[in-house]
Amino acid sequence: MRIPLYQVDAFTSRLFGGNPAAVCPLTAWLPDETMQAIAAENNLAETAFFVAQGESYLLRWFTPTVEVELCGHATLASGYVVTHILNPDRRSVRFDTLKAGPLEVARDSDLLAMDFPCWPPEQQPADRRILAALGKMPAESFVARGRTLAVYETAEDVAALKPDFEGMRQVPGADAIVTAPGTDGIDFVSRYFAPNYGVDEDPATGSAHCVLTPYWAGRLGKKQLKARQISTRVGELLCTLRGNRVTLAGRAVLYLEGTITV
């Protein structure tokens, strides 16, 4: 069986920036173990698979080791493939997902804007084992849908973190969003660590901004925010709080188009 494969750099306007995602359009679902094996072979943070269902698509995401409930950059990449390659006359596409509900990606000039759920942090401190593994204790911490949110005082604090990933792997399901105020027109910066999901550091993470957007909107008193994920590849996002939803917008660049054989 031959399957189309596209590799797209998401949340960036330049090749080799942002977060690379593989996208595989399917005519019908493959066995879960086959999709997981393809994702492991691709060895990217995420591989997205989608199947047409009328005018919309069913969408799933796999890291090299597990299927995940929500992935922003691979959804952006999937939206790019549909609206720029498979059907360039379309201005928007709806994806139905198993755990995150319906998601929409719309073309807005050179941006792709995603309608995503809003996950405000809960008023409870994070697991201190996870915080200790980050290498520097944050000014404050929260939990959001099981994810650790660690807030630091400066962007330099976030950039300097060198987490103990083996220590994080000792805490089942541990992952961490780390963040701080931005500078020079950037409202906030972040990084995201997920060693329990096969990704020590994710370069640009849409789902993390489902948590970051309501946190920073509340703290800064504004609904539209410019975000930068300060990984080595750097991700750029425009985030808008809309009640119990968020809009996450970014650019994408096609890197590779090919075919895999399984």
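Our estimate of slack between LYS226 and THR154, defined as 0.36 nm per intervening residue step minus the Cα-Cα distance, is 24.3 nm.
Give the residue list of GluC sites (Glu not before Pro) in segment 112-211 that are DSSP loop and have at most 15 other beta-carbon atoms within 10 angstrom.
GLU153
Take every DSSP beta bridge with both residues inside segment 128-243 and express the antiparallel ones as a percent of the total, to the nearest 5. Could you put the intermediate results ahead of the total?
Numbers: 20 of 27 bridges.
In segment 128-243, DSSP labels about 75 percent of beta bridges as antiparallel.
Give, rounded to the nearest 20 debye, the magnitude of the charge dipole that the chain has about its Cα centre when Lys and Arg contribute +1 at Cβ and Asp and Glu contribute -1 at Cβ.
Numbers: 25 positive and 30 negative charges, 105 e Å.
Dipole about the Cα centre, nearest 20: 500 debye.
Between GLN123 and LEU256, the modelled label-to-label distance comes to 4.8 nm, taking each label 7 Å out from Cα in the direction of the beta carbon.
What stretch of the chain, leaving out the sites themselves, is the longest with no trypsin sites (Lys or Arg not before Pro) in a DSSP loop having at most 16 other Cβ atoms within 10 Å?
On the way: sites that count: ARG14, ARG90, ARG91, LYS99, LYS136, ARG145, LYS222, LYS223.
Here the longest run is 146-221.
When the chain is fully extended, how far beyond the present Cα-Cα distance does GLU69 get from LEU111, taking 0.36 nm per residue of separation? Intermediate results must be reported in sequence, preceding the final value.
On the way: separation 42, 0.36 × 42 = 15.12 nm, distance 2.41 nm.
12.7 nm is the gain from fully extending GLU69 to LEU111.
Please give the charge dipole size of segment 128-243, origin at the Cα centre, charges +1 on K and R Cβ atoms and -1 on D and E Cβ atoms. Round to the nearest 20 debye. If you can, show how the numbers build up before the last one.
Working: 15 positive and 13 negative charges, 84 e Å.
The calculated dipole for segment 128-243 is roughly 400 debye.
GNM on the chain, alpha-carbon springs under 10 angstrom: the most fluctuating residue among ALA106, ALA217, ALA28 is ALA28.
Could you list log10 I(q)/I(0) for the chain at q = 0.12, 0.15 Å⁻¹, which the Debye formula gives when each Cα is one point scatterer? Those come out to -0.66, -1.04, one per q. On the basis of the beta-carbon distance and an R0 of 45 Å, VAL171 and ARG90 show a calculated FRET efficiency of 0.60. Net charge of the neighbourhood of ASP164, taken over other residues with C-beta under 15 Å away and scored Lys/Arg +1, Asp/Glu -1, is +1. Computed extension length for ASP164-MET137: 8.4 nm, one decimal, from 0.36 nm per residue of separation with the Cα-Cα distance subtracted.
Computed from the coordinates by the stated procedures, all read-outs in this text should not be read as laboratory data. Source: prediction; values computed, not measured. When we count neighbours, we look across all protein chains shown, and the Cβ atoms used for this are built from the backbone with ideal geometry, even at glycine.
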